[in-house]
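Below you'll find the structure, written out as structure tokens, and then a few comments.
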Amino acid sequence: MGVRACGHRVASISTSSFAQLSGVVLRFADALEGLLDREFAHPFNIGSDALRDCASNAAHRGLDTKQILTTLSTSQVRAGFVQCDLFRGIAAGLPVDKVFFSPFPLARTSIVVATRAWFVLDSESRETRLQRYLNEELEALHDAPFDPDDEASRKYVETRTADYLAIGATADLRLGRRKNQKSWHAPFLVDSSQRDTEAPASETQLVRKMFVASGFGSEGEARIPYSLLSAATHGRFNHAGLSEHTPVGPSENGVTMSALHTSLDVTARVTVLSAITTLTYLRTLARYMNVPQNLVRQQLQEPTLAWSTIAKVQVPEWL
């Protein structure tokens, strides 16, 4: 079958239907931004773990960094603003003719951003939050596209690494080591209850845990939405049932020309996963900031339900 790549929206799905979904996504982004600007804005609420963390900066100083816990706290709020940007990118692409699959990678990135912030905050212990945050920073630092032959870049990585390790030592964290350690592997910190070889969970493992926390059942069941997102991101559209082909012309030399497209409900079903996981992140952020979780529900319930209705999926019971 020949493909007239990215033809036009077909199968009775009009551009106006995708524009409606785009409007729902924008309402979600606007409501999210409003919450972040108001309820989650610095200075943090009295009685919150966020405020107590910030007050403990002096106990966790590094070689250069003096306010690591304030940075930790504000970074988890910033993750929400990053998601606003991604949601608006999704909304911008949805109603555009000949655009079908580009919203899917944006949705997956939003889920990863929400997951990493949720994982840092999903702990009753300041030391565990600090460990998870430092390990995130170490991984990002050592995965950054620095020129390995540039002396200034190498010095920067070494200096920042030493700074993070010094901060970790103030929380009784020590340097771990993978069983098959390679030169390109990022260093990581373990606590007193962990083995030296107990490396941080992978992105895949974290996202599956996020789906479980979001109401998608067991970790085995949570493989399904993650696999769907991976297929959408890595171009396996046919095998995941994300794409359809509609004949648009006569057969030529045994090859049928067709238009490639995806349906409205499939598009909504994939992208709504980002909304549901964002709500899980926000509920955890609300606990951390001593903000009533019901405010998250009140502000984001309407666009989430509208999104889910288009997707023809049920939302978690807690929504």
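The values are calculated or read from the model by the stated rules, or taken from the named source; none is laboratory data. Computed from a predicted structure; not experimentally measured. Neighbour counts are summed over all protein chains in view; Cβ atoms, including those assigned to glycine, are modelled from backbone coordinates with ideal geometry.
Counting only residues that are under 18 Å from the mean Cα position of the chain (by Cα) and of a type outside the set (Ser, Thr, Tyr), give me the helices (runs of 4 or more DSSP H) lying completely in the stretch 71-174 with at least 2 of them.
Details: elements: 103-121, 126-143, 151-169.
Qualifying helices (runs of 4 or more DSSP H): 103-121, 126-143.
Identify all residues within the stretch 53-95 that are aliphatic (A, V, I, L, M) and either at pLDDT below 95 or within 17 Å of Leu138 (Cβ to Cβ) (or both); write none if there are none. First the steps, then the outcome.
Step one: filter the stretch 53-95 for residues aliphatic (A, V, I, L, M), giving 55, 58-59, 63, 68-69, 72, 77, 79, 82, 86, 90-92, 94.
Selection gives Leu63, Ile68, Leu69, Leu72, Leu94.
Restricting to the stretch 175-203, what's the tally of residues that are within 25 Å of Ala58 (Cα to Cα) and outside any loop (DSSP other than H, G, I, E, B)?
3
Yes/no matrix, rows are residues, columns are (1) within 17 Å of Thr233 (Cα to Cα); (2) part of a helix (DSSP H, G or I):
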| position | (1), (2) |
| --- | --- |
| Leu260 | yes, no |
| Ala268 | yes, yes |
| Arg283 | no, yes |
| Tyr288 | no, yes |
| Ala306 | no, yes |
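Go through (1) touching a helix residue (DSSP H, G or I) at 6+ places or on another chain (Cβ under 7 Å); (2) closer than 29 Å to Arg283 by Cβ; (3) of a type in the set (A, V, I, L, M) one by one and return the number of the condition Ala140 breaks.
All conditions are met except number (1).
Quick one: is Arg154 over 30 Å from Ser56 (Cβ atoms), out of contact with any strand residue (DSSP E or B) (no Cβ under 7 Å at 6 or more places or on another chain) and surrounded by fewer than 19 Cβ atoms within 10 Å (Cβ to Cβ)? Working first, answer last.
On the way: over 30 Å from Ser56 (Cβ atoms): yes; out of contact with any strand residue (DSSP E or B) (no Cβ under 7 Å at 6 or more places or on another chain): yes; surrounded by fewer than 19 Cβ atoms within 10 Å (Cβ to Cβ): yes.
Taking the combined requirement at face value, the residue satisfies it.
Of all the residues that make up the stretch 23-38, how many are hydrophobic (A, V, I, L, M, F, W, C), within 24 Å of Leu72 (Cβ to Cβ) and touching a residue at least 60 places away in the same chain (Cβ under 8 Å)? Talk me through it step by step, then tell me what you get.
Start the filter on the stretch 23-38 by keeping residues that are hydrophobic (A, V, I, L, M, F, W, C), which leaves 24-26, 28-29, 31-32, 35-36.
Still in the list and also within 24 Å of Leu72 (Cβ to Cβ): 32, 35-36.
Then drop every residue that is not touching a residue at least 60 places away in the same chain (Cβ under 8 Å), which leaves 32, 35.
Matching residues across the stretch 23-38 total 2.
Among the residues of the stretch 39-69, write down those that are outside any helix (DSSP H, G or I), without any contact (Cβ under 8 Å) to a residue 60 or more places away in the chain and either more than 17 Å from Glu124 (Cα to Cα) or in contact with a Cys (Cβ under 9 Å, 6 or more places away or on another chain) (or both). Please lay out each step first, then the result.
To start, the set of residues in the stretch 39-69 that are outside any helix (DSSP H, G or I) comprises 39-48, 55-56, 61-67.
Adding the requirement that they be without any contact (Cβ under 8 Å) to a residue 60 or more places away in the chain leaves 41-43, 55, 66-67.
Answer for the stretch 39-69, where residues must be outside any helix (DSSP H, G or I), without any contact (Cβ under 8 Å) to a residue 60 or more places away in the chain and either more than 17 Å from Glu124 (Cα to Cα) or in contact with a Cys (Cβ under 9 Å, 6 or more places away or on another chain) (or both): Ala41, His42, Pro43, Lys66, Gln67.
Restricting attention to the stretch 210-221, does a residue exist that is assigned to a loop (DSSP other than H, G, I, E, B), touching a residue at least 24 places away in the same chain (Cβ under 8 Å) and among the hydroxyl-bearing types (Ser, Thr, Tyr)?
yes
What residue, among those in the stretch 165-224 that are among the β-branched types (Val, Ile, Thr) and over 17 Å from Tyr133 (Cβ atoms), is modelled with the lowest pLDDT? Please lay out each step first, then the result.
Start the filter on the stretch 165-224 by keeping residues that are among the β-branched types (Val, Ile, Thr), which leaves 167, 170, 190, 197, 204, 207, 212, 224.
Filter once more, so that each one left must be over 17 Å from Tyr133 (Cβ atoms): 197, 204, 207, 212, 224.
On the way: Thr197: 95, Thr204: 90, Val207: 94, Val212: 93, Ile224: 79.
Checking each candidate, the answer is Ile224.
The conditions are (1) at pLDDT 95 or above; (2) in contact with a Ser or Thr (Cβ under 9 Å, 6 or more places away or on another chain); (3) small (Gly, Ala, Ser), and Ala29 fails exactly one of them. Which is it?
Checking Ala29 against (1) at pLDDT 95 or above; (2) in contact with a Ser or Thr (Cβ under 9 Å, 6 or more places away or on another chain); (3) small (Gly, Ala, Ser), the one that fails is (2).
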